[in-house]
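The values are calculated or read from the model by the stated rules, or taken from the named source; none is laboratory data. Just so it is clear, the model here is predicted, and its values are computed rather than measured. Neighbour counts are summed over all protein chains in view; Cβ atoms, including those assigned to glycine, are modelled from backbone coordinates with ideal geometry. SASA here: full protein model, heavy atoms, side chains in, ligands and nucleic acids out. Shrake-Rupley method; radii C 1.70, N 1.55, O 1.52, S 1.80 Å.
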Amino acid sequence: MARGPKRPAVGGGGAATSAGILFQQQIGAVIGSWLVAEWPLDARLNLGQAKPEWMRFESEAPVDDILVGTSAGGFVAIQAKTTASLSQ
């Protein structure tokens with residue numbers, strides 16, 4: 001039976017943590033490609049032509065998964081989640 005490529009294992013915290021860290025890496029890869037190519041951040045962020053200038057993972061910021069410094073002097077803080085739920 002043919003199967004897709006094996007996903008790399010990420011240590012610590014179980015399957016949910018591993019999936020979250022892999023998703024965080026994928027988001028970081030996209031932003032990193034914009035940084036290297038000197039492309040503006042995604043237009044859906046409404047940041048005009050602001051480009052990413054640097055990126056940190058697991059930062060000291062309250063929203064800590066990915067922190068991106070922009071050419072406009074601001075920041076984009078990303079909390080990468082593979083699922084979201086609503087509750088009261």
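The calculated FRET efficiency for Arg44 paired with Phe75, based on their beta-carbon distance and R0 = 22 Å, is about 0.85. If you plug the beta carbon distance of Val36 and Ala84 into 1/(1 + (r/R0)^6) with R0 = 30 Å, you get a FRET efficiency near 0.55. Surface listing: Val76, Val36 arranged by accessible area from highest to lowest gives Val36, Val76, probe 1.4 Å. Taking a Cβ cut-off of under 15 Å around Pro40, the surrounding Lys, Arg, Asp and Glu residues balance to a net charge of -1, with basic ones at +1 and acidic ones at -1. Other residues within the sphere of radius under 12 Å centred on the Cβ of Leu67, judged by their own Cβ, net out at -4 (K and R +1, D and E -1).
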